[in-house]
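Novice: Before anything else, here's the structure in question.
The values are calculated or read from the model by the stated rules, or taken from the named source; none is laboratory data. Note that this is a predicted model, so its numbers are computed, not measured. With ideal geometry, Cβ positions are generated from the backbone for all residues, glycine too; neighbour counts draw on all protein chains shown.
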Amino acid sequence: MAPNDILQNGVSQNGVSHNGISPNPDLNSVLSLANKISELAVLQTHQISVPQEEFLQAIQRLQIAVEGPAHYVARKRHEPNEYAATLLAIDSGVLQALVDNGRKPLSAQELAKKSKTDPLLITRFMRILTAIALFDEVDLDLYRSNEISEWLARPGQADGYRLIARWILPITSNISSLWKNDRLFQFPDESKGEHNPFIETFKTTQWDMLRKDSDLKRAFDSYMPIRRNGLRIPWHEIYPAATELDVQGYSEPHEPPLLVDVGGNTGYESASFKAANPHIKGRVVVQDLAETLNSSVAPEGVERQVYDCFTPQPIKGARAYFMKALLHDFDDAESRRLLRHTVDAMSPGSSLLIDDWVLPDANAPVAGGTYDIMMLMLLSGMERSENQWKALLESLGLEVKKIWRKDGVGEGVIESKKQ
Ligand SMILES: C[S@@+](CC[C@H](N)C(=O)[O-])C[C@H]1O[C@@H](n2cnc3c(N)ncnc32)[C@H](O)[C@@H]1O
């Protein structure tokens, strides 16, 4: 680019303006991404389904192309401040007050009165939260809820924020120190005094912390059942359970169960499968640790059995063994140790159905990667890619028959049988 052009356009060859402030957008990328987004939108208006992930990825790439590296890095660096502002809106009661007021606005003054604080503080955190579309600013210091605030005000959602703030944020701020001191263990060996990042940070386990902190436990229990609401489809709709599991020979009380839900928590997932498929008569048995089963009531339609999945599986030859969000708590060595017991119990007709994230081997969406790092920090667990699942299951003599997926849903159902 000639010097004159630089003066006229304010842009240098490396895409940074001569005053060094504003990066020049890569206009070719901007145009081609904008075209792609518009094509995807047109397809949708013609009722042709477009994977949401593809749509979002194009929009995110467009934003990045427009903002350029300096703005991108600064935005990401400051995300914790958005988090703090969101927590202030939750804890001050501003979120609930605005949602309770319907879509009618409330001023900073009115909100400050309700939450017994300074209107200036309200104005300051609402400045961020209206900019990120959590609320609408309808006039100077006048705010209104929208569908995002309404979603956040649903039971359990704000508890999810609190839980992440209590667990993930402190581990995040400790991660550099763990790294520097050689204390960041991906697969810790407890016998050598190595621990996962949670224990390295808090000097206790998640479960012990929950036992000692009743507010945290309440937040945990309210967040867990709703954590993937609106983001996932039940496994029995991803995997065509209504037909695949509707088989003869598993419908009598003395016969092996149709479905064994290993680590099935209270049994709510299996109960929803039974409720959605009343024509399927076989028994469904939910297995979990005594401490989990004893603190809850059995939902309708399922039997429950205390079972530690690191010990021999007492139910042999069930039509299907089901594990949802269980193996992501464990690394491969531990997963193999627990899976071995279920594989030993499987007959040639049995299927193992795993409902978990199935990350694409390349170009995975950010959400899956986020969950993977969270599992590493909390439990030394991991979310797995397609190839990682296959390698794990094949190492146990299983053959992956099919990975059932639905567009736009991160979780899949991996169906495998004995080879
Ligand atoms: C992340 S939760 C998933 C629960 C349920 N499948 C779901 O998706 O909501 C993991 C479950 O595994 C259970 N669990 C952990 N260790 C276990 C073990 N050794 N044997 C059996 N269940 C276990 C926990 O009690 C918990 O209910």
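Novice: Specify the residue that is surrounded by the fewest Cβ atoms within 10 Å (Cβ to Cβ); the eligible residues are those in segment 222-256 that are within 16 Å of the ligand (Cβ to nearest atom) and among the β-branched types (Val, Ile, Thr).
Specialist: Only one residue tops the list, namely ILE233.
Novice: Could you list, ordered by first residue, the pairs with Cβ atoms under 6 Å in which the first is in segment 146-163 and among the β-branched types (Val, Ile, Thr) and the second is crowded, with 18+ Cβ neighbours inside 10 Å and not in a helix (DSSP H, G or I), at least 6 apart or interchain?
Specialist: Qualifying pairs under 6 Å: ILE148/LEU134.
Novice: Please work out which one of (1) assigned to a loop (DSSP other than H, G, I, E, B); (2) without any contact (Cβ under 8 Å) to a residue 24 or more places away in the chain; (3) within 16 Å of the ligand (Cβ to nearest atom) is the condition LEU184 fails and give its number.
Specialist: Among (1) assigned to a loop (DSSP other than H, G, I, E, B); (2) without any contact (Cβ under 8 Å) to a residue 24 or more places away in the chain; (3) within 16 Å of the ligand (Cβ to nearest atom), the lone unmet condition for LEU184 is (3).
Novice: What is the residue count in segment 206-258 for residues that are of a type in the set (Ser, Thr, Tyr) and within 21 Å of the chain's Cα centre (by Cα)?
Specialist: 3
Novice: Let me ask something else about it. What pairs come out if I take residues in segment 314-330 that are in the same structural domain as TYR268 (by TED's automatic domain parsing) and under 17 Å from GLU411 (Cα atoms) and pair them with residues that are among the β-branched types (Val, Ile, Thr) and within 9 Å of the ligand (Cβ to nearest atom) whose C-beta lies under 6 Å away, six or more apart or interchain?
Specialist: Listed by first residue and then by second, the contacts come to MET323/VAL262.
Novice: Right, another one. Could you look through segment 261-299, keep only residues that are among the polar types (S, T, N, Q) and in contact (Cβ under 8 Å) with a residue 24 or more places away in the chain, and pick out the one that is farthest from the ligand (Cβ to nearest atom)?
Specialist: Residue satisfying both the conditions and the ranking: ASN277.
Novice: Hey, VAL138 hits all of (1) over 21 Å from the mean Cα position of the chain (by Cα); (2) assigned to a helix (DSSP H, G or I) but one; which does it fall short on?
Specialist: Just one mismatch for VAL138, condition (2).
Novice: Does segment 200-218 contain at least one residue that is charged (D, E, K, R), crowded, with 17+ Cβ neighbours inside 10 Å and either part of a loop (DSSP other than H, G, I, E, B) or at pLDDT 95 or above (or both)?
Specialist: Yes, segment 200-218 has at least one match.
Novice: A follow-up question, please. Evaluate the following for SER191: is it of a type in the set (S, T, N, Q), at negative phi, surrounded by 14 or more Cβ atoms within 10 Å (Cβ to Cβ) and outside any loop (DSSP other than H, G, I, E, B)?
Specialist: When the stated conditions are applied, SER191 does not pass them.
Novice: Next up: Of everything in segment 372-419, what is under 22 Å from THR342 (Cα atoms), of a type in the set (D, E, K, R) and not in a strand (DSSP E or B)? Give them in sequence order.
Specialist: GLU383, GLU386, LYS390, GLU394
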